[in-house]
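The values are calculated or read from the model by the stated rules, or taken from the named source; none is laboratory data. No experiment lies behind these values; they were computed from the predicted model shown. Cβ placement follows ideal geometry from the backbone for every residue including glycine, while neighbour counts extend to all protein chains displayed.
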Amino acid sequence: MKKRTQKLALLGLFTAIAMVLAWVEVLLPPLFSAVPGIKLGLPNIVIIFVLYRMGVKEAAAVSLVRMVAVALLFGNPMTFAYSLAGGALSLAAMAILRRLDFFSIIGVSVAGGVLHNVGQILLAMFVLRTAKLGYYMIILAVTGTVAGIFIGLCGGLAVKRVKWS
Amino acid sequence: MDQTKETPKPETKKHKLRNDLILIAALVVVLVLAGLAFWLLRGEGDSVIVEVNGNLYGTYSLAKDQTVEIRTGEGGTELNLLVIKDGKAFVESATCPGGDCTRHNPISREGESIVCLPHKVVITVKLVGGEGEKPIPDAVT
């Protein structure tokens, strides 16, 4: 019982950290404002950390609760849909790649970063009924790769160093 | 020595990092090729938009032959004469000292642009009509 409560508290804590990181990211100056959607994805440090240290279900829970909370606080159903498309595809890819045990956390994070953007653009293509977002896809896949490397390095450090209980 | 290494041991850290590098390298190669293909195959635009100092100055159709005076600076003393002819746009004359923009080839493909640095004028070809060119929402994630 105590374990359960502890886990619940930890997951709540991680959700809060992920939300704060999302906020911090908004405060950072945009790296390249000409193309919307380019971001580091700092909250993914938390998601990947939970994925590695606790498991897929836990990571999905943190990710989902964060998205719902952000949508309720700052967003609308549309932004929630975009978050969900990116987050779900990204987490699914990371969970599978982690299971395969073929890449280190950096490779897993790169796949997550790229697929996060791919998921969002696929949804945008569907919503806008246009296939002309292909070049966005290319740009955002490049930035997703770079961001993924950075997030993977941070996540790897966190997985190695953060201790509890 | 090689025979003993035949059995795959992907869980070693070195292997994984090497796999990461392969993944990233493969991504970069694919993306560069895709980007190149897009750049080479990009279609004709239908309009040019003129921006001055980052603000929209006007949008002009490439379908109609026209001449546009882009007046900038204090009292509109600085002038770039934009000419649209046969579906292509070019700057015929300008009062800037360099005149680099007047030597730029006529533009008509989506994304091509002519820039006049001294007057802070940017002329870009866009595809406005029909589909596309709706801003993609910046998802809050």
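Within segment A:128-145, the set of residues being among the hydrophobic types (A, V, I, L, M, F, W, C) and either free of Cβ contacts under 8 Å to residues at least 24 places away in the same chain or not in a helix (DSSP H, G or I) (or both) comprises A:Leu128, A:Ala131, A:Leu133, A:Met137, A:Ile138, A:Val142.
Across segment A:136-165, the qualifying residues are those that are within 9 Å of chain B (Cβ to nearest Cβ) and among the hydroxyl-bearing types (Ser, Thr, Tyr), and the one among them that is nearest to A:Phe14 (Cα to Cα) is A:Thr145. If the condition is being touching a helix residue (DSSP H, G or I) at 6+ places or on another chain (Cβ under 7 Å), under 21 Å from B:Ile107 (Cα atoms) and at pLDDT 85 or above, then segment B:15-71 contributes no residue at all.
In summary, A:Val56 fulfils each of the numbered conditions (1) surrounded by fewer than 18 Cβ atoms within 10 Å (Cβ to Cβ); (2) touching a Gly at 6+ places or on another chain (Cβ under 9 Å); (3) under 28 Å from B:His15 (Cα atoms); (4) β-branched (Val, Ile, Thr) with the single exception of condition (2).
Tell me, please, whether a residue that is touching a Ser or Thr at 6+ places or on another chain (Cβ under 7 Å), closer than 18 Å to A:Gly155 by Cβ and among the aliphatic types (A, V, I, L, M) can be found in segment A:39-55. Yes: segment A:39-55 contains one or more residues that are touching a Ser or Thr at 6+ places or on another chain (Cβ under 7 Å), closer than 18 Å to A:Gly155 by Cβ and among the aliphatic types (A, V, I, L, M). Inspection of segment A:28-40 identifies no residue that is at pLDDT 90 or above and either of a type in the set (S, T, N, Q) or over 24 Å from A:Ala124 (Cβ atoms) (or both). In segment A:87-108, the residue that is farthest from the other protein chains (Cβ to nearest Cβ) out of those that are touching a residue at least 24 places away in the same chain (Cβ under 8 Å) and farther than 17 Å from A:Gly55 by Cβ is A:Leu89. Taking the criterion of being among the aromatic types (Phe, Trp, Tyr) and out of contact with any Leu (no Cβ under 6 Å at 6 or more places or on another chain), the only residue of segment A:83-111 that qualifies is A:Phe102. Going by the structure shown, is B:Gly98 touching a strand residue (DSSP E or B) at 6+ places or on another chain (Cβ under 9 Å) and part of a strand (DSSP E or B)? No: the conditions fail for B:Gly98. Check whether at least one residue in segment A:118-135 is more than 7 Å from chain B (Cβ to nearest Cβ), more than 18 Å from the chain's Cα centre (by Cα) and among the β-branched types (Val, Ile, Thr), and report yes or no. Within segment A:118-135 (the criterion being more than 7 Å from chain B (Cβ to nearest Cβ), more than 18 Å from the chain's Cα centre (by Cα) and among the β-branched types (Val, Ile, Thr)), the answer is yes, since at least one residue qualifies. Among the residues of this structure, A:Val114 does not count as one that is β-branched (Val, Ile, Thr), in contact (Cβ under 8 Å) with a residue 40 or more places away in the chain and under 26 Å from A:Val159 (Cα atoms).
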